[in-house]
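Input: a single structure, listed below in structure tokens.
Readers should treat all values here as calculations from the given coordinates under stated rules, not as data from a laboratory. Note that this is a predicted model, so its numbers are computed, not measured. Glycine gets a Cβ as well: all are built from the backbone with ideal geometry, and neighbour counts include every protein chain shown.
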Amino acid sequence: MADFSLERLDVDGALAEAVDGVGGLSRAGFMAAGLGGSLALLGVAAGEARAQGPGPGDLAILNYALTLEYLQASFYTEAERLRALKGRTERAAEVVGSVERAHVRAFRELLGSKAVKRPAFDFQGVTENPRAFLKTAVAFEDLAVAAYKGQAPRLESSSVLAAALSIHSVEARHAAWMRYLFGANPAQAAFDQPSSKREVLRIVRSTNFVTGSPSTERNRAPRYTG
Amino acid sequence: MVVAQRRLVVLSLGGGAAVLALLAVLVGPGSEQTSFGRDLPAPPDQALDVGRPKPLSGEAHVSLWTTVRRPVTARSAPTRAASAVANLDRSTPEGTANTLLVLGRREDAGGDVWVRVRLAVLPNGSTGWVPRDAVAGYRSVRTRLVVDLGRLDVTLFRNGRRVLQARIGVGLPQWPTPRGRFYVRNKLERYRSDFYGPLAFGTSARSAVLTDWPDGGFVGIHGTNRPELIPGRVSHGCIRMRNPDIVRLGRLMPVGTPITIS
């Protein structure tokens with residue numbers, strides 16, 4: 001059976017890196033030390049939302065979903081812009097990308113000023129290699145399906161739940177499509193398992209796809225020619 | 001044969017009657033008593049409206065840029081055997097990330113991806129190829145800046161639409177502002193310098209004359225303490241703007257914006 005977990009992807013060795021042990025620190029310690037840059041954005045999303053009300057409410061879940069949608073939309077958009085894909089894979093990236101961007105727009109509209117910002121991403125070349133692209137796409141879609149499944153039962157509002165379910169089934173279609181293109185069984189299991197937020201974020205962090213924004217601004221006097 | 005046909009007719013009639021009976025039970029007044037259970041409420045309204053998916057648009061106005069992830073040699077062709085064009089560090093003399101404008105990409109025979117980038121080196125207009133793994137993630141902008149040395153003005157476009165136009169000061173004849181294609185490399189602000197005004201953009205353009213200028217003679221776009229000299233040919237090569245104009249430009253123009261100076 002093919003393993004599409006993000007941890008098993010091999011992107012310049014970055015994904016082969018175990019979650020544990022970064023220079024003697026655990027990944028958790030690495031993040032806690034503040035060395036993870038904007039990777040922490042993913043975790044901050046929930047913290048910011050929690051500040052709006054007690055408990056892990058719908059706002060936190062929506063921002064968590066938005067963060068995953070950012071990840072997917074940015075991935076497909078970059079692949080389409082770079083034009084490294086061909087044929088059916090290229091077409092699939094265009095279609096799925098347009099849908100993921102629609103999800104992002106919808107979440108941002110609903111959340112308004114409470115929406116988390118888009119993190120910076122570095123896909124480390126997987127958008128430029130058709131095989132790596134498909135494998136990553138399968139992993140992203142499977143992860144999104146499991147993430148929605150993990151949070152849907154916790155949503156308090158039935159209208160938010162209805163919206164989440166409408167997106168969840170679309171993500172499942174994407175997962176099946178990408179699996180088919182990759183040559184894997186699109187619907188192998190009789191029951192899919194949910195993933196907790198902690199598990200999803202751990203996996204996303206382990207990819208190193210989420211990066212800090214490059215430091216392109218400084219507070220210092222110029223020495224240009226004048 | 002006739003008996004068999006009769007049996008088939010009887011079976012067909014019997015089957016049809018059973019289907020009709022089932023439909024009657026389902027749609028009839030006693031339907032809530034069937035195995036389908038009671039009627040259920042309609043689905044709830046959805047909290048968000050996922051609009052119609054849209055293809056990427058306006059891509060003609062999108063430019064990609066990146067930063068140097070590790071020190072690397074830019075080469076004249078997408079192969080390690082090609083001649084060196086420039087050695088690239090991770091940071092600029094100003095201490096910001098070393099930005100590169102992305103012009104294209106190509107796979108070599110071994111399947112490795114190379115990225116063609118515009119370089120902030122002399123001679124102006126230089127480009128080179130770097131391995132994909134030497135640069136960070138791609139970022140995008142939808143802006144471009146056009147500097148007209150004849151009309152002495154700058155025009156900023158976003159998505160192809162003009163969003164700002166302002167008069168400028170440019171290089172004196174002995175220190176000309178270089179012509180060509182460049183990009184915004186960094187942004188400096190909150191410093192104390194009346195001469196440079198409140199904000200300065202660094203560009204990839206370099207003075208071909210003032211090569212011994214501190215930090216390499218990069219051409220900037222900045223404010224001024226002599227607004228009365230604008231428009232004019234007054235600088236050492238930099239593009240000077242009145243302070244309100246450079247502040248507006250600072251709000252509208254992101255790092256990575258391509259620049260054309262003509």
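Tabulated results
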item	result
J(HN,Hα) series, the stretch B:123-133, from Karplus relation 6.51 cos²θ - 1.76 cosθ + 1.60, nearest Hz, glycine and proline x	x, 4, x, 5, 10, x, 10, 10, x, 4, 6
Inter-part distance where the stretch B:195-262 and the stretch A:186-226 are each reduced to a Cα centre, Å	34
Approximate spin-label separation A:K114-B:L56, in nm, with each point projected 7 Å along Cα-to-Cβ	3.3
Scaled radius of gyration (Cα, divided by 2.2 N^0.38 Å) that the stretch B:60-140 gives	1.03
Lys, Arg +1 and Asp, Glu -1 on Cβ, resulting dipole of chain B about Cα centre, debye, nearest 20	560
Residue-wise HN-Hα coupling along the stretch B:229-241, computed from phi with Karplus coefficients 6.51, -1.76, 1.60 (Hz; x: Gly, Pro)	7, 9, x, x, 9, 9, 10, 8, x, 5, 9, 9, 10
Net charge over other residues, Cβ less than 11 angstrom from the Cβ of B:P227 (K, R count +1; D, E count -1)	+2
Between 0 and 90°, nearest 10: helix B:243-252 axis offset from chain B longest Cα axis	30
Likely footprinting exposure, B:S193, B:S235, A:S169, fewest C-beta neighbours within 10 Å first	A:S169, B:S193, B:S235
Percent of C-alpha pairs per 5 Å bin, chain B, short to long	1, 5, 10, 13, 13, 10, 8, 5, 4, 2, 2, 2, 2, 3, 3, 4, 4, 3, 2, 1, 1, 0, 0
